[in-house]
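A.B. asks: Okay, here's the structure, questions in a sec.
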Amino acid sequence: MTLIAVSIWVASEPEVDDALEKVHQAADAGARLVEWRVDSLDAEGEDAIAVAIRLIKNSPLPCIITRRPTSEGGMCKETDMQRSAFFGGVADSGYAPKYFDCELASFRQHKTLWQNALNTDEKDTSLILSAHDFDGRPRNLLQLVEEMANEPACDVIKIVWAARSLRDNLEAFDLLAERKKPMIALCMGQFGLMSRVLAPKFGGFLTFACMDKDDATATGQPTVNELNDLYRFDQIGPDTKVYGVIGWPVDHSLSPKIHNAGFCAVNHDGVYLPMPIPPEYEHFKATVGSFVDHQRLDFRGASVTIPHKENLLRFVSERGGMVDPLAEKIGAANTLVIDDDGVLSCFNTDAPAAIETLCDGAGIKREDLKNLRIAVIGAGGVARAVVAGLCDAGANVTIFNRTPGKAQELAKIFNAEVGDKTPLERDKFDTYINCTSLGMAGGPAPNQSPLPLDTPIDESTVVFDTVYTPQQTPLIKQAEAAGAKTISGIEMFLRQASLQFERWTDKEAPMDVYRKIT
Ligand code: NAP
């Protein structure tokens, strides 16, 4: 079983009570070890040892004591002689911790000093030998691991580096899978989360977590609550299938919450992670290609978002996979599926989700769309999927856009009409669909509606805003005030997610669970 180790800084004696309180909370949340980071203790000599003893003595969890030197990315400025005297004092105090973490570089250089201090031959405490690289993958990665594995005093190998891309995680997984001793192999930074969450899939000895993001002791560390509640860490095992949301950026995506909760609700052995990939096709191709080819990973699918929807289509075509004809026509796909035999396929679930959402919200059938005059405002990615779905269903669509050329281009592909920049007062439509980013929090104009105030909206009109942050957009408020029937973009978002879920699991998506999350 892979342990969750909560890692906590303690810089002075007065901080001890708060730190112990945090460990109690972490233990309640599922942590099984605590790493005390006493690198920057303001006390010295016997006083520093006394602080460590208080921490160990009162901790509700078994402890790791770490006093990382600046040379290895930590904050301790003491010499190895001073550090080893500290460890020796703690080891001999009668309150030895379960583990000491000692850096390989220092151990190698002053082996006798460390062996004497830690009493490695007759010890109650186990030794984690560690190596860290904050600049990227160590060039001698495999040699370092081999050296730690061959060191008789080493009980647990720890190798940590700053991931340069998601691909670095795969090497961490291979190291774990081929380990000769208990091992910790983790990647730091925005690309390293996978290594932290998937440690149990590959038999990692532990993964580190923080209680609050602000208190993290390394970049990219998840919180204990995220590991347990969001990623269901204790359910992850060798057969767990891996999914994710691929985009740039993906930090604020709702998809991990939705899909992990969905997997849990139907007992699907899967975990869903954020997968940031820089915008260029070469990055997409290299990363997704290596995930697909990495048998051990069990990579089975992804939601693909901005700016990679076109890249997904190209990638699956180049690999000889199946491209859904609607996605081909739209020129963008948002769903990757990898089946049991490794065969790739891609789909666009935005278009069917938009149509289902509109029909349900308006209380009509798909065939009724033929009788409606629909105004689509916007000509970007979402508009493309919405227009494709509507035209496929035979609706009478007019596209309005700030940049008329883009509206014309889109209209030509799908046989739609082109309007002006926005619908005019005299132009009455049955349905208005906003596909611009106007009204979106953090977008170009969060307080602006895409429809002028004199747009003829009344009780017979349906207004659908694809923007879903916030759910009450300026357009939705305007339409509600005019008595129109309104549809929020969150419904479309949840439906496109549910269609992805069904492709991956062959099970009906738990929409009730999704709705509770939003
Ligand atoms: P996109 O490709 O960048 O297109 C943005 C559209 O908004 C373009 O038509 C653009 O006009 C227009 N626009 C941007 N700023 C404007 C302004 N100041 N005034 C007038 N028009 C402006 O983006 P997208 O991927 O289509 O996403 C659009 C919105 O859809 C997002 O903001 C998001 O909230 C929503 N969305 C919803 C879902 C869902 O499932 N519900 C999914 C994805 C996105 P130009 O062509 O003139 O630049």
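A.B. asks: Assuming 0.36 nm per residue, please report the length gained on full extension of the stretch Val513 to Asn396 beyond their Cα-Cα distance.
C.D. replies: 38.6 nm
A.B. asks: Want the number for Arg32 to Arg296: 0.36 nm per residue separation, take away the alpha-carbon distance, what's left?
C.D. replies: Here the segment from Arg32 to Arg296 would lengthen by 92.4 nm.
A.B. asks: If you don't mind, there's one more thing I want to ask. If you count, for each residue, the other Cβ atoms within 10 Å and average over each peptide, how do 297-304, 211-218, 125-132, 281-288 line up from highest to lowest?
C.D. replies: My ranking of the peptides, most packed first, is 297-304, 125-132, 281-288, 211-218.
A.B. asks: Along the range 196-210, what does the Karplus equation 6.51 cos²θ - 1.76 cosθ + 1.60 (θ = phi - 60°) give for ³J(HN,Hα), rounded to whole Hz, x for Gly and Pro?
C.D. replies: Values per residue, Gly and Pro as x: 6, 7, 8, 3, x, 5, 10, x, x, 5, 7, 10, 8, 9, 10 Hz.
A.B. asks: Between Cys187, Trp9, Gly301, whose Cα lies farthest towards the positive end of the dipole of the chain when Lys and Arg beta carbons carry +1 and Asp and Glu beta carbons carry -1, centred on the Cα centre?
C.D. replies: Farthest along the dipole direction, towards plus: Gly301.
A.B. asks: May I pose another question? According to a simple spin-label model (label point 7 Å from Cα along Cα-to-Cβ), what is the distance in nm between Gln472 and His24?
C.D. replies: Taking the simple label geometry, His24 and Gln472 are separated by 4.0 nm.
A.B. asks: Output needed: percent of Cα pairs per 10 Å distance bin for the range 143-210, bins running from 0 to the one holding the longest distance.
C.D. replies: All Cα pairs, binned at 10 Å, distribute as 23, 55, 21, 1 percent.
A.B. asks: Here is a further query. Based on alpha-carbon centroids, what's the gap between the range 304-332 and the range 462-518 in Å, whole number please?
C.D. replies: So the two Cα centres are separated by 24 Å.
A.B. asks: Nearest-5 percent of antiparallel DSSP beta bridges in the chain?
C.D. replies: Working: 7 of 75 bridges.
Of those bridges, close to 10 percent are antiparallel.
A.B. asks: If you plug each phi of the range 444-454 into the Karplus form 6.51 cos²θ - 1.76 cosθ + 1.60 with θ = phi - 60°, what whole-Hz ³J(HN,Hα) values come out, in order, with x for Gly and Pro?
C.D. replies: x, 8, x, 9, 9, 8, x, 9, x, 4, 8
A.B. asks: Further question on the same structure: Across the range 224-238, in residue order, what do the Karplus-derived ³J(HN,Hα) couplings come to in whole Hz, using 6.51 cos²θ - 1.76 cosθ + 1.60 with θ = phi - 60° and x for Gly and Pro?
C.D. replies: My calculation for the range 224-238 gives 4, 5, 4, 4, 7, 7, 7, 9, 6, 3, 6, 9, 7, x, x Hz in order.
A.B. asks: Calculated FRET efficiency, Asp269 and Ser71, Cβ-Cβ r, R0 30 Å, to nearest 0.05?
C.D. replies: 0.10
A.B. asks: A follow-up question, please. To the nearest 20 debye, what charge dipole does the chain have about its Cα centre, counting +1 at the Cβ of each Lys and Arg and -1 at the Cβ of each Asp and Glu?
C.D. replies: On the way: 52 positive and 73 negative charges, 220 e Å.
Result for the chain is approximately 1060 debye, rounded to the nearest 20.
A.B. asks: Something else now. Using all C-alpha to C-alpha distances in the chain, build P(r) with 10 Å bins and read off the rounded percent in each one.
C.D. replies: Pairs per bin, as whole percents: 4, 17, 24, 19, 15, 11, 7, 3, 0.
A.B. asks: What FRET efficiency would be calculated for the residue pair Lys180, Ala445, taking the C-beta separation as r and a Förster radius of 56 Å, to the nearest 0.05?
C.D. replies: Working: r = 59 Å, r/R0 = 1.05.
The computed FRET efficiency comes out at 0.45.
A.B. asks: At what distance in nm do the modelled label points of Glu425 and Ala286 sit from each other, each positioned 7 Å from its Cα along Cα→Cβ?
C.D. replies: Result: 5.8 nm between the two label points.
A.B. asks: Taking 0.36 nm per residue of sequence separation and subtracting the Cα-Cα distance, how much length would be gained by fully extending the chain between Ile364 and Asp458, in nm to one decimal?
C.D. replies: Details: separation 94, 0.36 × 94 = 33.84 nm, distance 1.78 nm.
Answer, rounded to one decimal: 32.1 nm.
A.B. asks: Ok, one more. Does the range 351-484 come out rounded, prolate or oblate by the C-alpha gyration tensor, with a ≥ b ≥ c the root eigenvalues, rounded set by a/c under 1.5 and, if not, prolate when a/b is larger than b/c and oblate if not? If you can, show how the numbers build up before the last one.
C.D. replies: On the way: a/c = 1.35, a/b = 1.13, b/c = 1.19.
Judged from the Cα gyration tensor, the range 351-484 comes out rounded (a/c under 1.5).
A.B. asks: Could you pull out the pairs from Lys158/Lys213; Lys285/Lys507; Lys421/Lys477; Lys285/Lys365; Lys158/Lys309; Lys201/Lys329 whose alpha carbons sit more than 31 Å apart here? The partial results should precede the final answer.
C.D. replies: On the way: Lys158/Lys213 22 Å; Lys285/Lys507 29 Å; Lys421/Lys477 21 Å; Lys285/Lys365 40 Å; Lys158/Lys309 38 Å; Lys201/Lys329 38 Å.
Violating the 31 Å limit, Cα to Cα: Lys285/Lys365; Lys158/Lys309; Lys201/Lys329.
A.B. asks: Sticking with this structure for a sec: What is the range 106-257 by shape, rounded, prolate or oblate, if you read a ≥ b ≥ c off the alpha carbon gyration tensor as root eigenvalues and call it rounded for a/c under 1.5, prolate for a/b larger than b/c, and oblate otherwise?
C.D. replies: On the way: a/c = 1.96, a/b = 1.86, b/c = 1.06.
Since a/c reaches 1.5 and a/b is larger than b/c, the shape of the range 106-257 is classed as prolate.
Values in this text are rule-based calculations from the coordinates and carry no lab data. These numbers were taken from a predicted model, which means no experiment stands behind them. Note: ideal-geometry Cβ built from the backbone for every residue, glycine included; neighbour counts use all protein chains shown.
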